[in-house]
Amino acid sequence: MGSQSTVPIYNRAHADNPTTYPGSTMPDETAIVHDRNGQKIGTIETLPDGTLVARDPAGKKVGVYDPDTDVTRVAGGRKVGVGDQLSWLLSVLAGVE
């Protein structure tokens with residue numbers, strides 16, 4: 001607990017196909033996502049059921065990936081894509097694209 005290392009986040013629905021967030025660390029099932037300049041652009045938390053929750057740097061929930069349906073939605077519920085699109089969503093919101 002508490003130590004940080006660079007590790008992939010595993011999509012539990014597809015454990016044979018891990019998703020890695022470049023520049024991320026994962027203490028206690030939360031990955032810190034950085035842009036290419038090292039600035040924190042958000043976090044991605046893995047819930048016990050495998051759902052991934054993206055939060056902006058202030059901690060506000062901005063998106064959710066549901067591995068059961070393989071769909072990513074913004075916090076308001078609108079579908080933004082198939083598959084885990086959370087790192088892309090954080091990049092767009094941070095203006096990094």
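Here are the numbers:
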item	result
Residues Asp68, Asp56, Asp84, sorted so that the one with the fewest Cβ neighbours within 10 Å comes first	Asp68, Asp56, Asp84
Footprinting exposure proxy for Ile41, Ile32 (fewest neighbouring C-beta atoms within 10 Å first)	Ile32, Ile41
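Every number here is computed from the coordinates shown, using simple stated rules; none is lab data. Everything numeric here is computed off the predicted structure, so don't read it as measured data. Don't worry about glycine lacking a Cβ; one is built from the backbone with ideal geometry, like all the others, and counts go over all protein chains shown.
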